[in-house]
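See below for the structure under consideration.
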Amino acid sequence: MRYEFTSDNTAGVCPEAWEALREANAGFVPSYGTDPVTQRAADLFREFFETDCDVFFVFNGTAANSLALASLCQPFHSVICHEAAHIETDECGAPEFFSNGTKLLLAKGEHGRLAPAEVEALVTKRTDIHYPRPRVLSLSLPTELGTVYTPERIGVLCQTAARHGLKVHVDGARFFNAVAALGAAPKALTWQAGVDVLCCGGTKQGIGFGEAVVFFNKDLAQEFGYRCKQAGQLASKMRYLAAPWVRMLEGDAWRKGAEQANRCARLLESLVRGVPGVEVLYPVEANAVFLKLPPEAHQRLAAKGWSYYTFMGDGARFMCSWATREEAVRELAADLAG
């Protein structure tokens, strides 16, 4: 089977992250995040976002999102998110588990993006004591359908949240793809717009393991370290989670990988658009391409050994990564067209 387009999780570790791990594997340093490598990684995030923020490193995205949301909520609170959000569809109830019962309230929105009116409707739907009180607005950037929010759209949603006393969480599993796609400053997509906490993805960017939880509202992070420890997310040899981030953020490795993935997604869209029976389901704005394919196209791809997800009815998702080659994109497109 060929797994190039199944997920950006199927790609290997990028050279910069691999070299960073080798460099970190020398000598003796303090443990549990008190080492100089971890401190350097946190400082680079502050430089990247051009602000003082608290940074924590955990093993995976489910832990990052779930613990971040739990830190913002009491069990009787609720989180407003899109009905296709990863925290709703693909985290096995972890946000509810780690928050001891906080409820997810689902909203619709075109192409995976929440609309302020949808948020407003959910916040004001009920205010009685029998209803879980809305506390957090959770956005995905990019969305689960591969689209992005502009800084302006994020700002409007954050204003809506602030008006009702909601904190704002961003699931940024592919955050760097959004930054590269928009050409915007990272701060414009986060704290300047009103975001309180970002779960910034490294695994899909080419790091082998490890996500960063970035609190722009530092008051909300005061006891987050205890949550990480209790949840089994405090790495004793933290430098191995942190070191790849140093290499990714010191130079342009993050941008290079994100732009390659985005470029390959746009190429795939351009090659298949116009193929009889193939429909591009959503705007290709980052590194994901969603296609509606006729049965014979699925059969051709299966015969050629291509692996991809078909978890949205008759839609097929093709995900590009830092390691995707343009030659592979052209091969896939040719096999799809027959």
inquiry  = Quick check on this structure: which one of 153, 135, 126, 113 is crowded, with 19+ Cβ neighbours inside 10 Å and either out of contact with any strand residue (DSSP E or B) (no Cβ under 6 Å at 6 or more places or on another chain) or modelled with pLDDT under 95 (or both)?
reply    = 113
inquiry  = Looking at segment 112-137, I want the residues that are within 21 Å of residue 71 (Cβ to Cβ) and have a partner that is hydrophobic (A, V, I, L, M, F, W, C) and open to solvent by 30 Å² or more (accessible area, probe 1.4 Å) with Cβ atoms under 7 Å, at least 6 apart or on another chain. Which pairs are those?
reply    = 132/76; 133/76
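Residue by residue, here is whether (1) hydrophobic (A, V, I, L, M, F, W, C); (2) touching a Phe, Trp or Tyr at 6+ places or on another chain (Cβ under 9 Å); (3) closer than 23 Å to residue 315 by Cα holds:
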site	(1), (2), (3)
63	yes, yes, no
78	no, yes, no
83	no, no, yes
92	yes, no, yes
97	yes, no, no
116	no, no, no
128	no, no, no
159	no, no, no
174	no, no, yes
Every residue from segment 180-239 that is over 20 Å from the mean Cα position of the chain (by Cα), assigned to a loop (DSSP other than H, G, I, E, B) and surrounded by 22 or more Cβ atoms within 10 Å (Cβ to Cβ) = 238
key: Residue count, segment 284-295 (criterion: surrounded by 14 or more Cβ atoms within 10 Å (Cβ to Cβ) and not in a strand (DSSP E or B))   = 6
inquiry  = I'd like to verify a number: residues in segment 160-185 that are in contact (Cβ under 8 Å) with a residue 60 or more places away in the chain and either of a type in the set (A, V, I, L, M) or under 21 Å from residue 219 (Cα atoms) (or both), how many?
reply    = 10
ask   = Does residue 99 meet the test of being touching a residue at least 12 places away in the same chain (Cβ under 8 Å), farther than 15 Å from residue 134 by Cβ and not basic (Lys, Arg)?
value = no
task = Can you confirm whether segment 48-55 contains a residue that is open to solvent by 50 Å² or more (accessible area, probe 1.4 Å), hydrophobic (A, V, I, L, M, F, W, C) and over 16 Å from residue 246 (Cβ atoms)?
result = no
inquiry  = So in segment 296-338, with the set limited to residues that are of a type in the set (Asp, Glu) and not in a loop (DSSP other than H, G, I, E, B), which one is farthest from the chain's Cα centre (by Cα)?
reply    = 296
query = Condition test on residue 278, is it in contact with a strand residue (DSSP E or B) (Cβ under 7 Å, 6 or more places away or on another chain), in contact (Cβ under 8 Å) with a residue 40 or more places away in the chain and either closer than 16 Å to residue 10 by Cβ or not hydroxyl-bearing (Ser, Thr, Tyr) (or both)?
reply = yes
inquiry  = I'd like the full set of residues that are open to solvent by 20 Å² or more (accessible area, probe 1.4 Å), among the hydrophobic types (A, V, I, L, M, F, W, C) and more than 12 Å from residue 336 (Cα to Cα), limited to segment 250-283.
reply    = 267, 280, 281
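The values are calculated or read from the model by the stated rules, or taken from the named source; none is laboratory data. Source: prediction; values computed, not measured. Every residue, glycine among them, receives a Cβ derived from its backbone with ideal geometry; neighbour counts consider all protein chains shown. These area figures cover heavy atoms from the full protein model, side chains too; ligands, DNA and RNA do not enter into them. Shrake-Rupley method; radii C 1.70, N 1.55, O 1.52, S 1.80 Å.
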